[in-house]
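A short reminder: the numbers here are calculations on the coordinates, not readings from a lab. Note that this is a predicted model, so its numbers are computed, not measured. Methodologically, a virtual Cβ is constructed for each residue, glycine included, from the backbone with ideal geometry; neighbour enumeration extends over all protein chains shown.
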Amino acid sequence: MDRRSSWRRRLHLLERIALAMAVVLGGVWATARGLAWASERRSIAAFHEAARASVVAPRTGAGPPTVEVDQSLWDRGRIRAYARALTRPAPPPLALLRIPRLGLEVPVLDGTDEWTLDRAVGHIEGTSRPDQAGNVGIAGHRDSFFRVLKDITEGDVIELALPGEVRRFRVQQLSIVKPNEAHVLAPTRSARLTLVTCYPFYFVGSAPRRFIVQATPE
């Protein structure tokens with residue numbers, strides 16, 4: 001009987017030790033998961049905050065903006081429209097579009113309505129989103145942010161900065177199409193970036209053509 005009691009006590013002790021170890025390991029796992037989640041949320045929040053700041057102030061605004069908006073090539077009416085757009089808070093951008101050689105860095109907002117294109121450049125509805133594979137379509141005004149596209153050349157690098165990732169593309173083709181030639185925005189299996197703006201760049205009135213930049217991953 002004493003031998004059985006001793007064995008039971010040892011068994012209960014081993015069970016308590018195993019349970020304690022499980023609790024400790026579970027706590028360590030939960031803490032690690034919590035820290036990883038918090039770190040991810042902080043990185044995404046930091047991207048959104050930096051991207052939001054980049055659309056807040058033009059070159060002539062009060063205080064230094066995170067990304068300076070160069071309006072030297074802009075139409076005067078578009079500069080006024082941009083200033084009006086600043087009075088309304090912007091949603092978090094989907095990405096930041098950069099063309100290093102041309103000195104362009106601009107947030108990509110969702111949609112292509114007038115306010116969005118006055119404030120930044122816009123993701124074209126129906127095309128892949130900046131963080132997805134396929135054909136990502138982005139539109140901008142020819143007399144504001146996308147006026148620099150007049151100087152783009154094949155081989156130029158274009159970047160899409162996302163939270164925790166930068167997608168790099170290289171320009172493969174430049175073309176001029178009619179407004180109804182939507183094939184340039186057709187879905188693709190492989191990754192592609194398509195920039196769209198009106199053309200000619202300095203046309204007075206409603207421009208009759210579209211200037212298309214197509215780029216593929218490096």
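I need the GluC sites (Glu not before Pro) found in segment 128-213, filtered to DSSP loop residues with at most 14 other beta carbons within 10 Å of theirs.
Numbers: sites: 154, 159, 165, 181; in loops: 154, 181.
The qualifying sites are 154, 181.
Sort 119, 209 by Cβ crowding within 10 Å, fewest neighbours at the top.
Values: 119 24, 209 15.
Arranged by neighbour count, lowest to highest, 119, 209 become 209, 119.
Let me make sure I get this right: for segment 122-211, a, b and c are the square roots of the gyration tensor eigenvalues over alpha carbons, sorted descending. Under 1.5 in a/c it's rounded, otherwise prolate if a/b > b/c, else oblate. Which is it?
On the way: a/c = 1.85, a/b = 1.49, b/c = 1.24.
It is prolate, given that a/c is not under 1.5 and a/b is the larger ratio.
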